[in-house]
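What follows is a set of notes on a single structure, which appears directly below.
Each value in this text was obtained by applying a stated rule to the coordinates, not by laboratory testing. Everything numeric in this text was worked out from a predicted model, so none of it was measured. So basically every Cβ, Gly included, is an ideal-geometry build from the backbone, and we count neighbours across all protein chains shown.
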Amino acid sequence: MRPRKAKTEEKGFILIVVLCMIMALMVFLLGFNRQCRANLCAVDDFQKSQQALNYARAGLNITIAAIRDANNIDINKKLQNLFSGEKHFAVGDGQCSVTITEEAGKLNVNLLKDKTGKLNRARIDQLLRLIDLLNQQRVDYPRIGYGLVPSIIDWTDRDDEVTFLPFIKHENSGAESGYYNRLDTPYNCKNALLDTTEDLLLVKSVTPQVFEIIHDYITVYGNGEININCTSRYVIESLSEDIDPTLAQMIIDRRRFKPFDNITELRDIPGMTDSVYYTIKKTATISPAERYYHVTSVGNAGHLKHTIEAILKRNMKTKNVEIILYKEL
């Protein structure tokens, strides 16, 4: 009897071992199958990501062609509809949306001093008014401090003397390398023009929150002329302390109906006084000598998207379009 029992126990043990091996093999196969599926999904996502990038590039190339062929893209209604960023248009098997803003519609913070090193009081006052306007629209903090202005001046000028603006009561001093060298991660003051608006994040008083508020209204490109046909309401108001929201909105409503063909047409705007007109005329234009465009092109392929940001410069004589800045996000 004992040999039979031992034989039975041996068979049971073998059965258990076999079952364990089968279960282990099933777990391995399930894991292998899941890993294969994950790899296939990763390959598919990579392919779609590359497709989305190509669609974004296609959108940028379409924009370059449009800017090259159109004399004034900001008043071309057909192109405005195409490049609104609100609607997608087909590119190959995917979709793309493009948003264009003209840099001449913004305030150039590289020009707070003129070529001789003298403070440009008109542009400084305009930036101060813009800061006031943006602060008035935000009841929550962060507040943009006036110290931003002298700090930008010190970052972009060539000397190592700290700027003090006596016509500002508070926060009227800038910063040179002595300030930046005392930071946890020290660096020198550039003492040269800003290459991009993002460089402002290195400047004293410019936090990421402040930059987020102000970056849509400032630029580092162009000769400082403000294109009245494409600038924002806040920039229009910042042109003169006598421009109120009603007058700024009337200018915008007028150009929506019919873009300005000549700066003198501003005289016909109800509420426009001679003093305001002549103040605007000093810095505003309808045909900037230099045209720079900020382009955001978003390509979509399935559930994935890719974004390209670029700064384009159009040569007004040759009509060629040059890519000044290119970033894939």
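Observations
- Projected label points at HIS88 and CYS20, each 7 Å from Cα along the beta carbon direction, are separated by 5.4 nanometres.
- Leading residue at positive end of dipole, the chain (Cβ point charges), from ALA90, PHE260, LEU247: ALA90
- Contact order for the chain, expressed relative to its length and based on alpha carbon pairs under 8 Å spaced 6+ residues apart, stands at 23 percent.
- At R0 = 25 Å, FRET efficiency that the Cβ-Cβ distance of LYS327 and GLN47 yields, to 0.05: 0.65
- Each of ASP274 and ILE168 was given a label point 7 Å from its Cα along the Cα-to-Cβ line. The distance between the two points is 3.4 nm.
- Degrees between helix 121-136 axis and first principal axis of the chain (Cα, 0 to 90, nearest 10): 50
- The chain: calculated mean residue ellipticity at 222 nm from DSSP helix runs of at least 4, using -39500 (n - 2.57): -14000 deg cm²/dmol
- A protection proxy built from the mean count of other Cβ atoms within 10 Å ranks the segments 112-118, 182-188, most packed first, as 112-118, 182-188.
- Taking the C-alpha atoms only, the angle from helix 274-283 to the longest principal axis of the chain is near 50 degrees.
- Note on TYR187 and GLU161: the extension gain reaches 7.7 nm, defined as 0.36 nm multiplied by sequence separation minus the Cα-Cα distance.
- Candidate values (i) 32; (ii) 11; (iii) 21, label of the one derived for percent of Cα pairs over 39 Å apart: (i)
- Student exercise, the chain dipole from Lys, Arg, Asp, Glu Cβ charges, in Debye to nearest 20: 1620
- Charging the Cβ of each Asp and Glu at -1 and of each Lys and Arg at +1, and nothing else, the dipole of the stretch 142-207 about its Cα centre rounds to 280 debye.
- Cα-based helix-to-principal-axis angle, 245-257 vs the chain, degrees rounded to 10: 80
- Using the Cβ-Cβ distance between TYR179 and ASP69 with R0 set to 45 Å, the FRET efficiency works out to roughly 0.40.
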